[in-house]
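Input: a single structure, listed below in structure tokens.
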Amino acid sequence: MVQFCCHLIVVVLVTAFVAEQCHGFVRIRIRRRRRAPVCNSEAWASWGACSSNLCGRPGNSNRNRKVNCGNANKSERRTCNPPCNCQVSQFYPSSICSATCGAGTLKQTRFVQRLPSNGGRACPNLIRNAPCTRYENRNCETNTWASWSTCKFLHGSCGPGTQRRHRNVRRTKLCRGSDCPALDESLPCSQCCPTDCVWGEFGAWSACRTLCYGSR
């Protein structure tokens, strides 16, 4: 295809050229297309380690690839955040010891102070059972004494006997507390038995006293 425009003849072929008409002659300038260079490159390598290993402080990470042309990127850099591991507090008791006199267990709890991020280590268990020892000492306590009972005679309804009284336990002892004191008391008692009066024989007469007038 040939186009005439202002004394310029442009011929479009596979190889481009420009024809100029000048004084009846045609001058041709050939411009060859440059082939784009073939650039082969390998796949990117994995990202390298982050330059920072402190949680919360960003760093840089690089990766490289092999290329056979000079104008292709051979390396890349990106901002990276190092992994932050979960951070927890120390354990604190969250219950009382299960024992009242000796060895037992209690529950302990700790709290999350920082959640993991960027692939950091997950949080450990927050609750555990721990051994404990507890001695809850308490002395025995009793109520006041009740009244004395009536005298209980050994034989019949009189003579020697025993009176008793009792008190109850108000609080039992715990662990190493004091034992309860005696809950019963007794003391001797007696009551005279009734008897009939018994007269003995008369004794001898006393000597006669002389009275006036000769009478006895």
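The values are calculated or read from the model by the stated rules, or taken from the named source; none is laboratory data. Every value quoted in this text rests on a predicted model; they were computed, and no experiment measured them. When we count neighbours, we look across all protein chains shown, and the Cβ atoms used for this are built from the backbone with ideal geometry, even at glycine. Quick note on the areas: whole protein, heavy atoms, side chains included, nothing else; ligands and nucleic acids left out. Shrake-Rupley method; radii C 1.70, N 1.55, O 1.52, S 1.80 Å.
With respect to the conditions (1) at pLDDT 60 or above; (2) small (Gly, Ala, Ser); (3) open to solvent by less than 70 Å² (accessible area, probe 1.4 Å), Ala19 falls short on a single one, namely (1).
Can you tell me which residue among Ser117, Ser95 is touching a Cys at 6+ places or on another chain (Cβ under 6 Å), at pLDDT below 95, open to solvent by less than 70 Å² (accessible area, probe 1.4 Å) and not basic (Lys, Arg)? Let's see the steps before the verdict.
Values: Ser95 fails: touching a Cys at 6+ places or on another chain (Cβ under 6 Å).
Testing whether each residue is touching a Cys at 6+ places or on another chain (Cβ under 6 Å), at pLDDT below 95, open to solvent by less than 70 Å² (accessible area, probe 1.4 Å) and not basic (Lys, Arg) leaves just Ser117.
Residues that are aliphatic (A, V, I, L, M) and under 18 Å from Asn143 (Cβ atoms) within region 175-188 comprise Ala182, Leu183, listed in sequence order. Residues in region 145-168 that are hydroxyl-bearing (Ser, Thr, Tyr), open to solvent by 60 Å² or more (accessible area, probe 1.4 Å) and within 14 Å of Gln191 (Cβ to Cβ): Thr150, Ser157.
Test Arg128 against the stated conditions and say whether it is touching a strand residue (DSSP E or B) at 6+ places or on another chain (Cβ under 6 Å) and open to solvent by 70 Å² or more (accessible area, probe 1.4 Å). Steps first, please.
On the way: touching a strand residue (DSSP E or B) at 6+ places or on another chain (Cβ under 6 Å): yes; open to solvent by 70 Å² or more (accessible area, probe 1.4 Å): yes.
Spelling it out, Arg128 is indeed touching a strand residue (DSSP E or B) at 6+ places or on another chain (Cβ under 6 Å) and open to solvent by 70 Å² or more (accessible area, probe 1.4 Å).
Within region 54-69, the residues that satisfy the criterion of being part of a loop (DSSP other than H, G, I, E, B) and farther than 16 Å from Trp44 by Cα are Leu54, Cys55, Gly56, Arg57, Pro58.
Against the numbered list (1) more than 30 Å from Pro131 (Cα to Cα); (2) without any contact (Cβ under 8 Å) to a residue 60 or more places away in the chain, Cys55 comes up short only at (2). Among the criteria (1) surrounded by 13 or more Cβ atoms within 10 Å (Cβ to Cβ); (2) within 27 Å of the chain's Cα centre (by Cα), the one Ser61 does not fulfil is (2).
Using the structure shown, decide if Ser46 is modelled with pLDDT of 90 or more, open to solvent by 50 Å² or more (accessible area, probe 1.4 Å) and out of contact with any Phe, Trp or Tyr (no Cβ under 6 Å at 6 or more places or on another chain).
On the way: modelled with pLDDT of 90 or more: no; open to solvent by 50 Å² or more (accessible area, probe 1.4 Å): yes; out of contact with any Phe, Trp or Tyr (no Cβ under 6 Å at 6 or more places or on another chain): yes.
It is false that Ser46 is modelled with pLDDT of 90 or more, open to solvent by 50 Å² or more (accessible area, probe 1.4 Å) and out of contact with any Phe, Trp or Tyr (no Cβ under 6 Å at 6 or more places or on another chain).
Pairing residues of region 94-121 that are touching a residue at least 12 places away in the same chain (Cβ under 8 Å) and among the basic types (Lys, Arg) with residues that are in a loop (DSSP other than H, G, I, E, B) and open to solvent by 90 Å² or more (accessible area, probe 1.4 Å), at Cβ distances under 8 Å and at least 6 apart in sequence or on separate chains, gives Arg110/Gln90.
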